[in-house]
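A quick write-up on the structure given underneath.
No value in this document is a laboratory result; all are computed from the given coordinates. As the structure is a prediction and not an experimental result, all values here were calculated from the model. Neighbour counts run over all protein chains shown; Cβ positions are idealised from the backbone, glycine included.
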């Protein structure tokens with residue numbers, strides 16, 4: 001049985017390097033939700049899923065470090081306009 005490393009608190013989506021290109025993964029998951037040949041494709045898929053989930057989106061570089069992040073839910077402020 002696979003070990004669940006998610007704390008239950010993590011509501012995140014990550015774009016990370018993968019042996020076959022770039023992966024769209026849920027935070028804490030061992031397996032990718034989807035794998036894409038380009039980072040751009042993986043980011044588009046992850047952004048769509050993140051918006052649907054209302055989760056944080058983290059875009060990683062080839063070295064694994066976070067390059068950018070975006071929030072698709074639970075924003076601390078209500079901004080009018």
Next on the checklist: Please compute, for the alpha-carbon atoms of the range 12-71, the extent along each of the three principal axes and give them in descending order in Å.
Outcome noted: 28, 21, 20
Item to check | Full-stretch length increase - residue 38, residue 67 - with 0.36 nm per residue and alpha-carbon distance subtracted | outcome: 8.8 nm
Checklist entry - Sorted from fewest to most neighbouring beta carbons within 10 Å, what does the list 35, 15 look like? => result 35, 15
Checklist entry - So how do 13, 31 line up by other beta-carbon neighbours within 10 Å, fewest first? => result 31, 13
